[in-house]
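Enquirer: Below is one structure. I have some questions about it.
The values are calculated or read from the model by the stated rules, or taken from the named source; none is laboratory data. Model, not experiment: these values are computed from the prediction. We place every Cβ from the backbone using ideal geometry, glycine too, and count neighbours over all the protein chains shown.
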Amino acid sequence: MDGFSDTADISPSSELVQILKDLPLFCDFLSRALSQIVFQQLFRQVLVSLETFIIDNVVLRHQFSEQGGRQFQRDMQAIWSAIATWLPDVTNIMKR
């Protein structure tokens with residue numbers, strides 16, 4: 001059983017629902033407004049900042065139950081899926 005099969009029956013956290021809807025619109029707009037190189041550089045910087053925020057404010061500040069860990073995994077999977085259209089190597093960028 002791979003790591004994501006345990007999360008197939010879990011929905012992303014309610015706090016992420018609107019972000020996951022808006023993110024593709026935001027990325028689509030920026031990908032058309034900026035050159036591909038500038039867009040990818042900007043997006044990578046945003047992802048590094050997001051990764052730091054998640055680690056500092058979620059992972060290190062909370063203790064997770066097994067279910068909480070699975071929810072966190074599902075939320076990260078949803079974020080990566082939403083971003084993968086514009087930056088296919090997102091999991092390599094957010095690797096901490």
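Enquirer: If Gln36 passes every condition in (1) free of Cβ contacts under 8 Å to residues at least 60 places away in the same chain; (2) closer than 15 Å to Arg74 by Cα but one, which one does it miss?
Expert: (2)
Enquirer: Related question: Have a look at Arg32, Arg96, Arg70 and point out the one that is of a type in the set (Lys, Arg) and at pLDDT below 90.
Expert: Working: Arg32 fails: at pLDDT below 90; Arg70 fails: at pLDDT below 90.
Arg96 is the lone residue from the list that is of a type in the set (Lys, Arg) and at pLDDT below 90.
Enquirer: Could you list, in sequence order, all residues of the stretch 43-85 that are among the small types (Gly, Ala, Ser), in a helix (DSSP H, G or I) and surrounded by fewer than 11 Cβ atoms within 10 Å (Cβ to Cβ)?
Expert: Residues of the stretch 43-85 among the small types (Gly, Ala, Ser): 49, 65, 68-69, 78, 81-82, 84.
So of that shortlist, the ones also in a helix (DSSP H, G or I) come out as 49, 68-69, 78, 81-82, 84.
Passing the criteria: only Ser49.
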